[in-house]
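Here is the structure we will look at, set down as structure tokens.
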Amino acid sequence: MLKKYGLACLVAGMQLMLAMLPQDAMAQSDVNLARLENVMKRIRAGEPVKVAFIGGSITTGYATSPPEEKGWAAQVGRWLQQQAPTGKVEIQNLGISGTDSAAAAQRVYEQAIVTHADLVFVEFGVNDQWLDAQVRKLSYEGLLRQLLKAPAHPAVVTLHLTQQGNRERDAVQEQLRIARHYQLLSIDFGAWVDAQAKAGNVSWKTLYDEPIHPNQSGHDAIARAVIASLELAERPSTATPKSAGELPLPLYGDEFEYVRNLGNHDVRPYFNHGFTRGGDVHEEWQRRPGGGKEGWVSEQDDASMSFLVYGRQIGIFHAESEHYRNLEAWVDEQAPVLLREQNPERHDYLGWAYTPVGRDLEPGAHLLHVRMQKDTW
């Protein structure tokens with residue numbers, strides 16, 4: 001069996017169920033929609049506007065054909081373009097299968113902020129459910145804070161999806177609380193479907209053919225919910241868009257607001273035995289702004305390497321597949337942490353995972369160590 005390891009890189013809300021709420025109930029909320037209202041006015045005035053969708057496989061349009069036309073993001077993007085009299089709405093799908101908000105916090109700068117997106121939809125309700133429970137609060141909040149502090153002052157809309165039957169809502173509830181903290185327009189799709197199902201309008205069974213990914217009917221329903229939300233959000237407001245310096249204090253922390261992505265072209269190993277530059281990169285990642293970044297790989301049983309790094313929190317962003325092998329990593333003299341690369345659920349598929357290795361570290365330099373795990377298979 002192939003003994004391989006792929007290390008990609010190192011990284012130091014108001015809930016709004018718009019399809020169910022009457023117009024006056026929405027008016028009573030304290031959601032600051034000024035940025036969104038401004039973007040929609042620009043769209044309808046025919047001004048150039050850039051719209052980005054960042055999320056996982058559901059955002060890419062998985063389970064639809066063709067996804068670039070039938071996915072929920074494609075449908076919402078097409079609706080936005082139809083609102084522009086001169087068609088100057090540029091749509092960019094930044095979805096990458098198997099990624100969560102920890103991965104998005106690493107890539108959002110070069111893929112959405114540098115490109116000056118005016119409106120950004122964020123979708124990580126499903127994938128964040130499998131992310132480390134302590135990390136996902138920080139990474140999701142850091143992702144939003146990066147966007148809200150961007151020079152272009154983009155409007156941010158958060159979409160919260162769940163698995164079939166509205167199960168596994170831990171990550172979604174955390175995300176809704178964070179979105180509410182920043183007074184963002186948020187769409188709780190699970191709650192939306194539950195209410196629609198209770199009224200006899202839809203059924204969870206018709207929206208999903210398997211537990212995780214919605215089918216074409218599911219994507220159509222997501223698009224309807226998002227479009228309805230945008231339509232109801234357009235109302236006169238005396239609020240003004242908040243500037244980059246007016247964000248409230250972090251709810252959970254700001255580590256992922258200042259995250260830095262260190263790939264193999266950014267840092268050299270302090271020590272290296274058996275690892276070489278390279279590794280697989282998901283084709284979706286290669287199509288996004290900035291392209292794919294290869295990392296480090298090895299097929300040696302005793303491979304190990306060390307890096308000199310700086311940061312309060314240090315983690316490893318790594319590939320996972322049924323063909324890969326596990327590793328261990330640790331910071332300074334701390335206990336090793338398992339990097340689960342050997343994942344039998346990733347059958348003929350390249351996935352990604354973020355594993356925290358050092359937390360609440362003292363400011364300054366640290367040594368990050370990685371080695372092949374000793375196992376028998």
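The values are calculated or read from the model by the stated rules, or taken from the named source; none is laboratory data. These numbers were taken from a predicted model, which means no experiment stands behind them. Because the Cβ atoms are built from the backbone with ideal geometry, glycine has one as well, and the counts that use them run over all protein chains shown. Remember, those area values only see protein heavy atoms, side chains included, never the ligands or the DNA or RNA. Shrake-Rupley method; radii C 1.70, N 1.55, O 1.52, S 1.80 Å.
Residues in the range 85-99 that are under 16 Å from Ala52 (Cβ atoms) and open to solvent by less than 40 Å² (accessible area, probe 1.4 Å): Val89, Leu94, Gly95, Ile96, Thr99.
Candidates Glu294, Glu283, Glu333: the one that is surrounded by fewer than 20 Cβ atoms within 10 Å (Cβ to Cβ), among the charged types (D, E, K, R) and modelled with pLDDT of 90 or more is Glu333. Pairing each residue of the range 267-285 that is under 25 Å from Val331 (Cα atoms) with any residue that is charged (D, E, K, R), provided the two are 6+ apart or on different chains, yields C-beta distances under 6 Å for Gly278/Glu294; Gly279/Glu294. Test Ala195 against the stated conditions and say whether it is crowded, with 19+ Cβ neighbours inside 10 Å and part of a helix (DSSP H, G or I). Spelling it out, it is not the case that Ala195 is crowded, with 19+ Cβ neighbours inside 10 Å and part of a helix (DSSP H, G or I).
Regarding the range 308-326, can at least one residue be identified that is within 20 Å of Glu255 (Cα to Cα), in contact with a Phe, Trp or Tyr (Cβ under 7 Å, 6 or more places away or on another chain) and open to solvent by less than 40 Å² (accessible area, probe 1.4 Å)? Within the range 308-326 (the criterion being within 20 Å of Glu255 (Cα to Cα), in contact with a Phe, Trp or Tyr (Cβ under 7 Å, 6 or more places away or on another chain) and open to solvent by less than 40 Å² (accessible area, probe 1.4 Å)), the answer is yes, since at least one residue qualifies. Inclusion of Lys50 among residues that are open to solvent by 10 Å² or more (accessible area, probe 1.4 Å), out of contact with any Lys or Arg (no Cβ under 7 Å at 6 or more places or on another chain) and either of a type in the set (A, V, I, L, M) or assigned to a strand (DSSP E or B) (or both) is warranted. Tell me, yes or no, whether the range 266-277 has at least one residue that is over 22 Å from the mean Cα position of the chain (by Cα) and within 20 Å of Gln163 (Cα to Cα). No: zero hits. Among the criteria (1) under 22 Å from Gly315 (Cα atoms); (2) open to solvent by less than 20 Å² (accessible area, probe 1.4 Å); (3) modelled with pLDDT of 95 or more, the one Gln129 does not fulfil is (2).
Of the residues that sit in the range 161-177 and are assigned to a loop (DSSP other than H, G, I, E, B) and open to solvent by 10 Å² or more (accessible area, probe 1.4 Å), which one is farthest from Leu143 (Cα to Cα)? Looking at the filtered set, the residue picked out is Gly165. Of the numbered criteria (1) out of contact with any strand residue (DSSP E or B) (no Cβ under 8 Å at 6 or more places or on another chain); (2) of a type outside the set (Asp, Glu); (3) not in a loop (DSSP other than H, G, I, E, B), the one Ala74 fails is (1).
Of the listed requirements (1) assigned to a loop (DSSP other than H, G, I, E, B); (2) open to solvent by 10 Å² or more (accessible area, probe 1.4 Å); (3) modelled with pLDDT of 95 or more, Glu69 misses just one: (1). Could we say that Tyr182 is more than 24 Å from Arg260 (Cα to Cα) and in contact with a strand residue (DSSP E or B) (Cβ under 9 Å, 6 or more places away or on another chain) here? No: the conditions fail for Tyr182. Based on this model, can you work out whether Ala117 counts as in a helix (DSSP H, G or I) and either buried (at least 21 other Cβ atoms within 10 Å of the Cβ) or touching a Pro at 6+ places or on another chain (Cβ under 6 Å) (or both)? For Ala117, the condition - in a helix (DSSP H, G or I) and either buried (at least 21 other Cβ atoms within 10 Å of the Cβ) or touching a Pro at 6+ places or on another chain (Cβ under 6 Å) (or both) - is not met. For the range 251-265, the condition of being closer than 20 Å to Tyr62 by Cα and at pLDDT 90 or above holds for none of the residues.
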